[in-house]
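The structure appears right after this line, and notes come after that.
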Amino acid sequence: MDAVDLFKRLGAGAKFNFKRFGKDADRFKVGRSQNKEASKSLDEINFFGIKPQKETTVHDNNSEDEESENQQTTVTEKRKRSTADEPLNKSGKKRKGNKEETDDEENETDGDDERELEKEGIRWTSSQDKKAKGPKKKAKDELSLKRLKQLHREKLNQIRHSNRINVHGTDIPDPLATFEELQKEYELDPRVIQNIKAAGFQTPTPIQMQAIPLMMHSREILACAPTGSGKTMAFCLPLLAHLRQPMNKGFRALIVAPTRELASQTHRELLKLSEGLGFRVHMINKGVDAAKKYGPKSAKKFDILVTTPNRLIYLLNQDPPAVDLSSVEWLVVDESDKLFEDGKTGFRDQLATIFLACSSPKIRRALFSATFTTEVEQWCKLNLDNLVCVNIGPRNSAAETVEQELLFVGAENGKLLAMRDLIKKGFMPPMLVFVQSIERARELFHELVYEGINVDVIHAERTQQQRDNVVNSFRSGNIWVLICTALMARGIDFKGVNLVVNYDFPASAVEYIHRIGRTGRAGHKGKAVTFFTENDKPLLRSIATVIKQAGCPVPDYMIGFKKLHSKERHRLEKKPPKRTTIRTTPLCLIKKKKKTDKGKRKKGKNEATVQAGGDKSEKCTNN
């Protein structure tokens with residue numbers, strides 16, 4: 001028996017891959033169809049020298065052939081699965097169709113083969129066998145969950161990017177889309193939602209979208225958003241949701257603001273939002289009355305306190321303290337960068353005393369402002385627990401709804417001419433005019449009072465009753481032009497201020513942002529005009545940069561000015577440059593008037609002495 005015949009007999013029943021081993025098939029003369037005789041010849045070979053047993057039963061030849069064919073087919077299918085590299089059909093060609101369909105068909109055939117072999121008592125094991133179904137399902141579930149989380153994160157990032165929300169922290173909750181979500185997710189009283197709708201607020205602003213969920217989760221935050229972006233409601237709503245209902249435990253929430261005007265505005269907004277809920281919202285008006293009202297002997301029937309630092313410090317310094325802050329669970333500092341300032345204009349020492357007085361272990365703190373310094377941020381990172389920083393847009397940026405303009409007036413005398421020219425051309429009231437000092441506010445008022453417009457002035461030296469009357473008149477439209485100092489630049493929300501005039505150049509970019517932020521609020525358009533002279537050149541670069549960042553045109557030469565050193569900048573902030581008095585009468589006439597006044601005074605004194613001497617002589621003669 002030669003090698004070719006032996007190969008044919010040994011290879012009987014095996015399916016040959018002619019496409020891959022075509023040359024070998026020609027060499028060994030292997031045909032494309034295997035005869036049954038060749039398969040029978042393999043059975044005739046006695047490999048182990050065993051004597052064939054005599055069959056007791058006689059079978060039909062046809063049935064024996066069928067059984068042998070069935071066995072051969074099962075063996076060939078198994079060999080085909082283990083030896084063939086590519087799946088072949090009966091014609092020796094590749095199967096057509098998708099890879100997924102071929103995999104499913106192979107899995108089905110594998111399952112059928114395994115069942116047939118298990119019936120015959122044979123179990124095939126291989127590393128290529130199909131894995132158990134349980135773990136594969138779990139793996140698919142994990143992949144689908146990861147994919148869903150990834151899609152959710154992408155959606156949240158898209159929402160934050162479109163609203164210019166920048167958040168820094170851990171475990172940040174999803175931003176708020178509608179006010180109705182507060183009722184569904186955080187169980188906010190539906191009456192608060194009704195009060196929000198009644199106040200005219202339909203959808204949350206960007207700062208409200210992120211700050212409200214953070215405070216709902218009792219997170220301590222440092223929030224920075226442009227002026228007029230809804231920061232007051234962003235901290236008022238979580239306070240009402242956290243307190244839930246009135247309780248006779250004393251003050252459980254404290255809001256600190258730098259000015260009384262801002263505090264009264266916050267107090268008014270809280271009363272609107274909490275209408276129908278029964279919360280007792282208080283504001284300190286007079287220290288003497290407050291000591292009796294909130295002292296240790298009081299019934300503690302109050303929930304929220306809105307105040308300025310100095311009035312609260314006065315009550316805390318009483319012996320015993322006239323107000324108890326040990327039950328305060330939320331401390332909100334509005335315009336916090338102003339309160340953190342050191343010196344005469346700041347409230348850093350007072351704020352430290354207030355922080356120590358709020359001794360509850362449940363205390364949570366939130367700081368809000370339109371501008372922030374690095375000192376405030378560093379202090380918050382060191383002293384607040386698990387801090388989250390929220391910024392809307394670039395930090396320390398002006399509102400984009402304000403059209404900003406820089407106007408060169410030459411010298412100080414040119415400012416009054418430019419102001420009168422602005423009034424003569426016509427303007428849409430109401431208008432706010434900012435000056436550097438109280439004295440200059442008085443001087444400008446005396447010059448504009450004869451221009452035929454309704455003008456008034458507000459500053460710190462006026463009584464509280466006068467200030468309240470001026471603010472109410474300005475809100476009602478009885479006053480067209482209001483002259484003010486930096487007192488009104490912080491947080492005061494006047495509806496519909498159309499124009500802001502910086503009569504005196506602001507001492508810093510932060511002050512400029514707060515000044516022009518009195519217009520262009522709540523999505524409305526506004527305009528800001530800033531006068532500058534030759535003496536304002538050192539501060540011009542920082543203001544021009546803010547204006548350019550807001551998208552308003554600025555000459556290139558202003559951006560190219562030399563940057564001020566930090567020491568020089570701080571010095572100018574604390575001590576602004578001295579300016580000449582605001583007047584229209586020439587200086588020579590004023591000097592002449594002073595001389596004539598002095599002469600009249602001397603003549604009056606001389607006449608008085610002469611009369612007195614005459615009276616004495618008359619008395620002597622009479623005697």
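Residues that are part of a helix (DSSP H, G or I) and surrounded by fewer than 16 Cβ atoms within 10 Å (Cβ to Cβ) within the range 160-180 comprise His161, Ser162, Glu180, listed in sequence order. Of all the residues in the range 351-395, those that are in contact with a Pro (Cβ under 9 Å, 6 or more places away or on another chain) and within 16 Å of Leu305 (Cβ to Cβ) number 5.
For the range 385-399, residues that are at pLDDT 90 or above and among the aliphatic types (A, V, I, L, M) total 4. Apart from one condition, Val390 fits all of (1) within 24 Å of Tyr512 (Cα to Cα); (2) open to solvent by 20 Å² or more (accessible area, probe 1.4 Å); (3) not in a loop (DSSP other than H, G, I, E, B); the exception is (2).
Screening the range 342-356 for residues that are open to solvent by 60 Å² or more (accessible area, probe 1.4 Å), not β-branched (Val, Ile, Thr) and not in a helix (DSSP H, G or I) and picking the one that is modelled with the highest pLDDT gives Asp342. Screening Ile483 on (1) assigned to a helix (DSSP H, G or I); (2) in contact with a helix residue (DSSP H, G or I) (Cβ under 9 Å, 6 or more places away or on another chain); (3) under 27 Å from Glu447 (Cβ atoms) shows it passes everything except condition (1). Listed by first and then second residue, the pairs with beta-carbon distance under 9 Å, at least 6 apart or on different chains, first residue in the range 187-200 and closer than 18 Å to Thr232 by Cα, second polar (S, T, N, Q), are Val192/Gln183; Val192/Ser274; Ile193/Gln183; Asn195/Ser274; Ile196/Gln202.
When the range 532-566 is filtered for residues that are assigned to a strand (DSSP E or B) and in contact with a Phe, Trp or Tyr (Cβ under 6 Å, 6 or more places away or on another chain), only Phe532 remains. Any residue in the range 210-223 that is within 30 Å of Lys495 (Cβ to Cβ), part of a loop (DSSP other than H, G, I, E, B), open to solvent by 20 Å² or more (accessible area, probe 1.4 Å) and in contact (Cβ under 8 Å) with a residue 12 or more places away in the chain? Taking every residue of the range 210-223 in turn, none turns out to be within 30 Å of Lys495 (Cβ to Cβ), part of a loop (DSSP other than H, G, I, E, B), open to solvent by 20 Å² or more (accessible area, probe 1.4 Å) and in contact (Cβ under 8 Å) with a residue 12 or more places away in the chain.
Using the structure shown, decide if Phe251 is open to solvent by 10 Å² or more (accessible area, probe 1.4 Å) and aromatic (Phe, Trp, Tyr). Spelling it out, it is not the case that Phe251 is open to solvent by 10 Å² or more (accessible area, probe 1.4 Å) and aromatic (Phe, Trp, Tyr).
Could you list, in sequence order, all residues of the range 301-323 that are open to solvent by less than 70 Å² (accessible area, probe 1.4 Å) and of a type in the set (Ser, Thr, Tyr)? Hits for the range 301-323 are Thr307, Thr308. Checked against the criterion of being within 20 Å of Arg365 (Cβ to Cβ), surrounded by 20 or more Cβ atoms within 10 Å (Cβ to Cβ) and out of contact with any helix residue (DSSP H, G or I) (no Cβ under 6 Å at 6 or more places or on another chain), the range 199-209 contains not a single residue that satisfies it.
Here is a yes/no grid of residues against (1) modelled with pLDDT of 90 or more; (2) within 24 Å of Pro506 (Cβ to Cβ); (3) out of contact with any helix residue (DSSP H, G or I) (no Cβ under 7 Å at 6 or more places or on another chain):
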{"position": "Met431", "(1), (2), (3)": "yes, yes, yes"}
{"position": "Ile438", "(1), (2), (3)": "yes, yes, yes"}
{"position": "Glu443", "(1), (2), (3)": "yes, yes, yes"}
{"position": "Tyr450", "(1), (2), (3)": "no, no, yes"}
{"position": "Asp456", "(1), (2), (3)": "yes, yes, no"}
{"position": "His459", "(1), (2), (3)": "no, yes, no"}
{"position": "Val470", "(1), (2), (3)": "yes, yes, yes"}
{"position": "Ser473", "(1), (2), (3)": "yes, no, yes"}
{"position": "Ile479", "(1), (2), (3)": "yes, yes, no"}
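Answer yes if at least one residue in the range 494-502 is within 34 Å of the chain's Cα centre (by Cα), open to solvent by less than 10 Å² (accessible area, probe 1.4 Å) and at pLDDT below 90, and no otherwise. Checking the range 494-502: at least one residue is within 34 Å of the chain's Cα centre (by Cα), open to solvent by less than 10 Å² (accessible area, probe 1.4 Å) and at pLDDT below 90.
The values are calculated or read from the model by the stated rules, or taken from the named source; none is laboratory data. Source: prediction; values computed, not measured. Reconstructed Cβ throughout: ideal geometry from the backbone, glycine too, with neighbour counts over all protein chains shown. When the accessible area is computed, the model is the full protein with side chains, heavy atoms only, and any ligands, DNA or RNA have been set aside. Shrake-Rupley method; radii C 1.70, N 1.55, O 1.52, S 1.80 Å.
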